[in-house]
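Participant: I have a structure here, written as structure tokens, and I will follow up with some questions on it.
The values are calculated or read from the model by the stated rules, or taken from the named source; none is laboratory data. No experiment lies behind these values; they were computed from the predicted model shown. Positions of Cβ are generated from backbone atoms using ideal geometry, with glycine treated the same way; all protein chains shown enter the neighbour counts. Note: areas computed on protein heavy atoms with side chains; ligands, DNA, RNA excluded. Shrake-Rupley method; radii C 1.70, N 1.55, O 1.52, S 1.80 Å.
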There are 2 protein chains.
Amino acid sequence: MVRQGGRGGRSVTRRDVAERAGVSAAVVSYTLNGGAPVAPETAQRVLKAVAELGYRPNQAARALRSGSTRTLAFLTVDADDAIFTNPIFAEYVHAVQRAAASRGYALYTASTPGGGRARTMQELREFASRQVDGVVLLASSEQQLDPAELDAVGVPWVLVNTEEAPGGGNSIGADLFGGATVAMGHLVEHGYSSIGFVGDAPRSEPRRRAWREVCAEHGVEASPLFDVDFTREGGRQAALELADLSSPPRAVFVVSDRTALGVLRGLHECGVRVPEDVAVISFDGSWESAYAWPGLTSVRQPIEEMAAAAVDRLISPPEEASHQVFPVELIVRESCGAHA
Amino acid sequence: MVRQGGRGGRSVTRRDVAERAGVSAAVVSYTLNGGAPVAPETAQRVLKAVAELGYRPNQAARALRSGSTRTLAFLTVDADDAIFTNPIFAEYVHAVQRAAASRGYALYTASTPGGGRARTMQELREFASRQVDGVVLLASSEQQLDPAELDAVGVPWVLVNTEEAPGGGNSIGADLFGGATVAMGHLVEHGYSSIGFVGDAPRSEPRRRAWREVCAEHGVEASPLFDVDFTREGGRQAALELADLSSPPRAVFVVSDRTALGVLRGLHECGVRVPEDVAVISFDGSWESAYAWPGLTSVRQPIEEMAAAAVDRLISPPEEASHQVFPVELIVRESCGAHA
């Protein structure tokens, strides 16, 4: 029962709506597009006429005239498991959408599976051909997108969830090093003598660097390093390995909530108590972390603020491209054993 | 450093690309839009020229010519907390996006906060004005969208995550009654003598009906009913109430995974053991349920299949609108105490 609007063959025009509502064509336009105030009762009459006639103002035509589609796109890259299984990414999509909507922009979303840079560039060109006003890119760290190549597509872009891109450009990220340093300081302060690291992170990654440096500074053993996939299952595997060790670490710093949820699950399976046997601290501060058991102590990324900043960069591009770092906050719950 | 494509004031045309790549304009079109095979090396040359020149084929113009934007929209309604905090909804968005992309359609996503039907209708008209080819609506049960009003907007639509709409129309949902009956049967079969219900569901809701009917049929006490918000926190509150009872039920059926995750959290807080003291069974079978502790026994909704069916209904509308029900499957994990 999919009925198309319109009557007969001719499509409904703004003039038809005006006639039905007993107003001028300009008032129809003001009601639908803003530009001048319209009395509430008048607006209601116009909207009623729009619905009754099935009027669809043609935004494609409007875009050709104005040069703007009032549309943004959010492009993510699926890693080992689907992007939305990472609670922090789901939160990002939601926040970008809200930020776009509150500024009058619609949002395309797309996630490309696994595949490398070529696939992402192809998606970006597809959105460019749809005349979007800008693209928020949430790429995985392995992707190494090239700012020059991105620029060549000719659509404004901003990278989020990233460190400063080697080639410059607009990018936004949380203070990973600062946040991890605070989290590690919290563990050290509470007397844990050995702290492990769980996550897929190269030596230079800021969270991994903070783990090593804080341990070194305080004479705490930085070991072992569980180099596992950035997934729930990766975290679970690390926990199973940990439970098998003859002398497990007293605490672990986990690179993300998604991975940490797998760690908790694995430790429960093996009867290892959190935090009594092993304390756990994590990064992201997602919704899930609050309802985990025990509640995850985690470094909260300010997703809403970062999403809003990303959208603003696209709508009102700054003179000079730059990397913007957002401060983070340690949220102390039960898993670190230091909440009392 | 947001550079716009193009050279000087004139915008780049397909002919410019053809010239740079040393091919005909038709080959440029075939490469970008399909329609005829293009040799891989030729295609690469074309794509290189596209990138170098910053060519953006104008889809707005193309849409005006063809009458199709090859675009769908996914419209959700946020309830008490943000939509993406419900893992099953996040999974839905992802699955619809994948289904749309694999059929060559881009996807808008939007979630409207709380607000009732008027707000949803406004969003729908906004997408209609963007000339989308169809809209997938994931509305909350309280919304009671009117198929006739939806039809009046003049854009193909399909409701998902729903029972049959009272006024007809295209809709898709899982077999809630059948699934809940199997889950309840599983609990009864394992000898639980009293089974509670957790969730925000009216008396006629299929899961709540199945709970009552299966209990009645087997002489099992159907009590208590925890009428709480459809959120993690709602589930947690139910658990705190349950732990306070002098004679708590031996098992609970929870209306969704999101709520069940809150139930688990609340029971842990109170030192109530799952499944030893209270068995828990749930509905949805989301990613989170597998990594909960203990793992949630849950009725799995076939999200991917339902999302693909929804997209197909929009792209190739059936002659007659109808409600399509998808079968579900009980996934047995630890929380029901009957996995061994």
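Participant: From zero outward in steps of 5 Å, how is the percent of C-alpha pairs of the range B:176-301 spread across the bins?
Facilitator: 2, 13, 25, 27, 22, 9, 1
Participant: Still on this structure: Give me the base-10 log of I(q)/I(0) for the protein assembly as shown at each q in 0.05, 0.10 Å⁻¹, Debye formula, one uniform scatterer per Cα, rounded to two decimals.
Facilitator: Per q value, in the given order, log10 I(q)/I(0) is -0.26, -1.02.
Participant: Of the chymotrypsin sites (Phe, Trp or Tyr not before Pro) in the range B:218-277, which ones lie in a loop per DSSP and count no more than 10 other C-beta atoms within 10 Å?
Facilitator: Filter output for the range B:218-277: empty list.
Participant: Hey, another quick one. Relative to the Cα centre, what is the charge dipole magnitude of the protein assembly as shown, using +1 at the beta carbon of each Lys and Arg, -1 at the beta carbon of each Asp and Glu, and rounding to the nearest 20 debye?
Facilitator: Value, rounded to 20: 3340 debye.
Participant: Let me know the charge dipole size of chain A about its Cα centre in debye, to the nearest 20, where only the beta-carbon of Lys, Arg (+1) and Asp, Glu (-1) is charged.
Facilitator: For this selection, approximately 2240 debye.
Participant: Can you pull out the trypsin sites (Lys or Arg not before Pro) in the range A:243-340 whose DSSP state is coil and whose Cβ has at most 14 other Cβ atoms within 10 Å?
Facilitator: Those satisfying the criteria are A:ARG273.
Participant: Separate question: Using +1 at the C-beta of Lys and Arg and -1 at the C-beta of Asp and Glu, which of B:VAL325, A:GLY104, A:GLY154 has the Cα lying farthest in the positive direction of the dipole of the protein assembly as shown?
Facilitator: Farthest towards the positive pole: A:GLY154.
Participant: Would you check the accessible area of A:VAL182, probe 1.4 Å, heavy atoms only, in square angstrom rounded to 10?
Facilitator: Result for A:VAL182: roughly 80 Å² accessible.
Participant: Work out, step by step, the length gained on full extension between B:ALA216 and B:VAL332: first 0.36 nm times the residue separation, then minus their alpha carbon distance; give nm to one decimal.
Facilitator: Taking 0.36 nm per residue and subtracting the Cα distance, the gain is 39.4 nm.
Participant: For the range B:107-236, divide the Cα radius of gyration by the Kirkwood radius and give the resulting Rg/Rh value with two decimals.
Facilitator: Ratio of gyration radius to Kirkwood radius: 1.08.
Participant: Quick one: compute the contact order of chain A, relative version, from alpha carbon pairs under 8 angstrom and 6+ residues apart, as a percent.
Facilitator: Once divided by the residue count of chain A, the mean separation gives 15 percent.
Participant: Just to be sure I understand: if you take the accessible area of chain B alone plus chain A alone and subtract the pair, with a 1.4 Å probe, what total do you get in Å², rounded to 100?
Facilitator: Separately minus together, B and A give about 6200 Å² buried.
Participant: GNM on chain B, C-alpha springs below 10 Å: top fluctuator among B:TYR30, B:TYR92, B:TYR291?
Facilitator: Greatest mean-square fluctuation among the candidates belongs to B:TYR30.
Participant: While we're looking at this one, here's another question. Per the 1.4 Å probe, what fraction of the accessible area of the range A:176-301, in percent, lies on carbon and sulfur atoms?
Facilitator: 48
Participant: Same structure, new question: Can you say what percent of the DSSP beta bridges in the protein assembly as shown, counting only those with both residues inside, are antiparallel? Round to 5.
Facilitator: 10
Participant: Roughly how many debye, to the nearest 20, is the charge dipole of the range A:14-57 about its Cα centre, given +1 on each Lys and Arg Cβ, -1 on each Asp and Glu Cβ, and no other charges?
Facilitator: Rounded to the nearest 20 debye, it is 80 debye.
Participant: State, to one decimal in nm and shortest first, how far the label point of B:SER102 sits from each corresponding label point in the other identical copies (label point: 7 angstrom along Cα-to-Cβ).
Facilitator: Nearest first, the other copies' label points are 3.6 nm away.
Participant: Please compute the contact order of the range A:176-301 in relative form: average sequence separation of alpha-carbon pairs under 8 Å and at least six residues apart, divided by the residue count, as a percent.
Facilitator: Normalised by residue count, the contact order of the range A:176-301 is 24 percent.
Participant: Could you work out the relative contact order of the range B:284-340, using alpha carbon pairs under 8 angstrom and six or more residues apart, expressed as a whole percent?
Facilitator: Relative contact order here is 47 percent.
Participant: Along Cα→Cβ at 7 Å, what distances in nm separate the A:LYS48 label point from those on the other copies, shortest first?
Facilitator: Here the equivalent label points are 6.4 nm apart from this one.
Participant: Considering only C-alpha atoms, what is the centroid distance from the range B:230-260 to the range A:238-311, in Å?
Facilitator: If we compute the Cα centre of each part, the gap is 24 Å.
Participant: Also, I was wondering about something else. Mind pulling the angle between the C-alpha long axis of helix B:206-218 and the longest principal axis of chain B? Nearest 10 degrees, somewhere in 0 to 90.
Facilitator: 30
Participant: Could you identify which residue out of B:GLU163, B:GLU320, B:GLU329 has the top mean-square fluctuation in a GNM of chain B using Cα springs shorter than 10 Å?
Facilitator: Maximum among the listed residues: B:GLU320.
Participant: Here is a further query. First select every other residue whose beta carbon is under 11 angstrom from the beta carbon of A:GLY168; then total the charges, Lys and Arg +1, Asp and Glu -1.
Facilitator: Summing Lys/Arg as +1 and Asp/Glu as -1 gives -4.
Participant: Here's another thing I want to ask about it. Taking only Cα atoms, what is the 0 to 90° angle, nearest 10, from helix B:303-315's long axis to the longest principal axis of chain B?
Facilitator: 40
Participant: Relative to the longest principal axis of chain B, what angle (0 to 90°, nearest 10) does the C-alpha long axis of helix B:176-189 take?
Facilitator: It works out to around 40 degrees.
Participant: A further question follows. For chain B, give me the percentage of DSSP beta bridges that are antiparallel, rounded to the nearest 5 percent.
Facilitator: The answer is about 10 percent antiparallel.
Participant: The range B:177-224 to the range A:119-174: how many Å between their Cα centroids?
Facilitator: Answer, in whole Å: 51.
Participant: Okay, next question. If amide H atoms are built 1.01 Å from N in the plane of the peptide, which residues on other chains or at least 5 residues away come under 5 Å of the amide H of A:ALA139?
Facilitator: Correct list: A:VAL160.
Participant: While we're here: I want to make sure I understand the PRE zone here: with the label point 7 angstrom from the Cα of B:SER193 toward its beta carbon, which residues in the range B:251-276 have backbone N atoms less than 14 Å away?
Facilitator: Under 14 Å, as judged by backbone N against the label point of B:SER193, lie B:251 of the range B:251-276.
Participant: Also, I was wondering about something else. Calculate, for the protein assembly as shown, the solvent-accessible area per residue in square angstrom, rolling a 1.4 angstrom probe over the heavy atoms of the protein chains.
Facilitator: Spelled out: the 1.4 Å probe surface of the protein assembly as shown, per residue, equals 40 Å².
Participant: While we're looking at this one, here's another question. Divide by every residue of the protein assembly as shown the summed helix terms, -39500 (n - 2.57) for each DSSP H run of at least 4, and state the resulting mean residue ellipticity at 222 nm, rounded to the nearest 500 deg cm²/dmol.
Facilitator: -13000 deg cm²/dmol
Participant: Taking a label point 7 Å out from Cα toward Cβ, give me the nm distances from B:SER322 to the same spot in the other copies, shortest first, one decimal.
Facilitator: 6.1
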